[in-house]
């Protein structure tokens, strides 16, 4: 009896107590992560089948009702549409600007560090501060706003940027906030990618008569940046999906949030945590969004052939 | 560069013209990128009349440094308290994340264990679940712990960063094993080897992850908005946002508050930029 017990303990501890040491190092992190990611997710799935107003321990089981009313709610489906439109604006714009900046900065012979710092500096700003400058100063829609002042110099009309829905000028405000804030971050990623392109490729191309400029970019630089490009696009889409800060700060005011430009998280925020605190409905929404993220991520990974080894 | 077929001299002139054009374009873009910072200062140090004047002035008629005192003296705007909260949260989050994630990353990389890979993939899997999707469920958990409007509720749930753990694991996989072997021969166990040999020789990666986490924690908005419901638990971002969306404060006061809120980060950026760049490079490359 004594012997089996000791050997069981010994087996649990592993050779030289390795198992024990593994859990001493990894345990606190793993337990915390499980507690604050897996447990809430599981709880959320549970809540999504209940009528849970203002409570986290509901008793009224409603089956799939929350899911059905979520999917039947035109505000929810239109929030998904808002995400699609936002992605179509922000992903290509950020990708092109970040890559362009990286290419230009990379080939500078002096002041490279200066330009890199300037373009990267907006990443130090929060979305709240950026939204504040955009909403109250650049695009405030009155005469002393910067955009309207500049338009005025050229004889343009005054525009109420954030409240004009035809044409939807508010997209210009929303997209430029994120573009300004993020472009430098992705430029750094592209600069790191450019550093890893072997110089021999360019030498060989020059020997083969490829002209510097478009030809070299098209046939050498762009293909060599493939891994970075995939990472950048994945990050951009995932971040666009999580967009909340700039939408909330630009558009909500004392009267609440306008009925347009409402991305999924803003919708979820008002549903789950606004008046009534419908946590069952909010949880169903979180589950649906989690599934969409999973599907989109896997589809993108397939599309880009992630995991396929680079040649 | 289209007509590069021409004689040699022409081509050189074209290349030089292209280079000059690129430089001009870069300078124009750099100026454009700096405009928001300029506006923060301009409006933060101007009088209300200057800001709302119909004629645009590039510089306010006088620099009103007293706006700063006005901000901190205004009892309706708890800016000093919000700055204190943000500092406490950002420092605690950074230190806690570094400690937890580096230990876990080291264990995963260096201590042989049968289920190490399973544990690693369970951690990696949470990267697939955006934090924003879990905010409702995590709010449910945190509120049932009674942590709403407390610093605990603002800090503890954000301490377990799978991204930081991943970066540390990749780094420690490449750490020179000879150093650890020498320590083991000298009779040091895993724990003391880690603290005496590994950590002192890994300062750059700690600085890189630390700066990224600090910036993220200082600028975080959704979670502090959800959890910091009482005025006493407001972070700088929540305070700014509340006055921005309700518009109950003078414009110049709001701008000077925003300018003050980015000072700590600008300092971090200027002093630690090479670590931030290293951190960003590690964050995007998942090979």
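The values are calculated or read from the model by the stated rules, or taken from the named source; none is laboratory data. No experiment lies behind these values; they were computed from the predicted model shown. Backbone-built Cβ (ideal geometry, glycine too); neighbour counts: all protein chains shown.
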Exercise. Report, by residue number, each residue of the stretch A:110-139 that is crowded, with 21+ Cβ neighbours inside 10 Å, without any contact (Cβ under 8 Å) to a residue 40 or more places away in the chain and farther than 26 Å from residue A:100 by Cβ.
Key: A:137
Exercise. Please work out if residue B:236 is more than 23 Å from residue A:241 (Cα to Cα), buried (at least 24 other Cβ atoms within 10 Å of the Cβ) and modelled with pLDDT of 90 or more.
Key: yes
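From A:234, A:265, grab the single residue that is at the interface with chain B (Cβ under 10 Å from one of its Cβ atoms) and buried (at least 19 other Cβ atoms within 10 Å of the Cβ). Break it down stepwise before answering.
On the way: A:234 fails: buried (at least 19 other Cβ atoms within 10 Å of the Cβ).
Only one candidate qualifies: A:265.
Matching residues to (1) modelled with pLDDT of 85 or more; (2) more than 10 Å from chain B (Cβ to nearest Cβ):
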{"site": "A:221", "(1), (2)": "yes, yes"}
{"site": "A:228", "(1), (2)": "yes, no"}
{"site": "A:242", "(1), (2)": "yes, no"}
{"site": "A:248", "(1), (2)": "yes, no"}
{"site": "A:261", "(1), (2)": "yes, yes"}
{"site": "A:279", "(1), (2)": "no, no"}
{"site": "A:290", "(1), (2)": "no, no"}
{"site": "A:293", "(1), (2)": "no, no"}
{"site": "A:302", "(1), (2)": "no, yes"}
Quiz item: From the list A:164, A:176, A:159, A:228, which residue is under 30 Å from residue B:219 (Cβ atoms) and crowded, with 21+ Cβ neighbours inside 10 Å?
Solution: A:228
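Got a number for residues in the stretch A:42-60 being over 14 Å from residue A:272 (Cβ atoms) and either touching a strand residue (DSSP E or B) at 6+ places or on another chain (Cβ under 7 Å) or outside any helix (DSSP H, G or I) (or both)?
Residues in the stretch A:42-60 being over 14 Å from residue A:272 (Cβ atoms) and either touching a strand residue (DSSP E or B) at 6+ places or on another chain (Cβ under 7 Å) or outside any helix (DSSP H, G or I) (or both): 4 in total.
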Quiz item: With respect to residue B:43, is the statement that it is out of contact with any strand residue (DSSP E or B) (no Cβ under 8 Å at 6 or more places or on another chain) and under 24 Å from residue B:258 (Cβ atoms) true?
Solution: yes
Exercise. Would you check which residues across the stretch A:103-148 are in a loop (DSSP other than H, G, I, E, B) and at the interface with another protein chain (Cβ under 7 Å from one of its Cβ atoms) and list them?
Key: A:125, A:126, A:143, A:144
Quiz item: Can you spot a residue in the stretch B:242-252 that is within 14 Å of another protein chain (Cβ to nearest Cβ), assigned to a helix (DSSP H, G or I), surrounded by fewer than 18 Cβ atoms within 10 Å (Cβ to Cβ) and over 24 Å from the mean Cα position of the chain (by Cα)?
Solution: yes
Quiz item: Pick from B:166, B:175: which is under 26 Å from residue A:31 (Cβ atoms) and either facing another protein chain (nearest Cβ under 9 Å) or assigned to a helix (DSSP H, G or I) (or both)?
Solution: B:166
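Which one of B:126, B:118, B:57, B:97 is at pLDDT below 80 and within 12 Å of another protein chain (Cβ to nearest Cβ)? Can you show your working first?
Working: B:126 fails: at pLDDT below 80; B:118 fails: at pLDDT below 80; B:97 fails: at pLDDT below 80.
Checking each option against the conditions leaves just B:57.
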Quiz item: Taking residue A:162 and the conditions (1) facing another protein chain (nearest Cβ under 7 Å); (2) touching a residue at least 60 places away in the same chain (Cβ under 8 Å); (3) under 24 Å from residue B:247 (Cα atoms), which numbered condition does it fall short on, given that it satisfies the others?
Solution: (1)
Quiz item: What is the number of the single condition among (1) over 25 Å from residue A:241 (Cα atoms); (2) in a helix (DSSP H, G or I) that residue A:82 does not meet?
Solution: (1)
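Residue check: is residue A:200 out of contact with any helix residue (DSSP H, G or I) (no Cβ under 9 Å at 6 or more places or on another chain), more than 11 Å from every other protein chain (Cβ to nearest Cβ) and farther than 30 Å from residue A:58 by Cβ? Reasoning before the result, please.
Numbers: out of contact with any helix residue (DSSP H, G or I) (no Cβ under 9 Å at 6 or more places or on another chain): yes; more than 11 Å from every other protein chain (Cβ to nearest Cβ): yes; farther than 30 Å from residue A:58 by Cβ: yes.
Taking the combined requirement at face value, the residue satisfies it.
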Quiz item: Give me the pairs: first residue in the stretch B:32-43 and free of Cβ contacts under 8 Å to residues at least 24 places away in the same chain and at the interface with another protein chain (Cβ under 8 Å from one of its Cβ atoms), second residue outside any helix (DSSP H, G or I) and crowded, with 21+ Cβ neighbours inside 10 Å, beta-carbon distance under 6 Å, and six or more apart or on different chains, which are they?
Solution: none
Quiz item: Do we find a residue being closer than 25 Å to residue A:168 by Cβ, without any contact (Cβ under 8 Å) to a residue 24 or more places away in the chain and not in a helix (DSSP H, G or I) anywhere in the stretch A:294-309?
Solution: no
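Do we find that residue B:109 is surrounded by 22 or more Cβ atoms within 10 Å (Cβ to Cβ) and touching a residue at least 12 places away in the same chain (Cβ under 8 Å) in this structure? Walk me through how you get there before you give the answer.
Working: surrounded by 22 or more Cβ atoms within 10 Å (Cβ to Cβ): no; touching a residue at least 12 places away in the same chain (Cβ under 8 Å): yes.
When the stated conditions are applied, residue B:109 does not pass them.
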Practice problem: State the number of residues belonging to the stretch A:81-97 that are over 19 Å from residue A:214 (Cβ atoms) and in contact (Cβ under 8 Å) with a residue 40 or more places away in the chain. | Solution: 10
Exercise. Take the stretch B:253-287 and flag every residue that is in contact (Cβ under 8 Å) with a residue 60 or more places away in the chain, farther than 23 Å from residue A:227 by Cα and at the interface with chain A (Cβ under 7 Å from one of its Cβ atoms).
Key: B:258, B:261, B:262
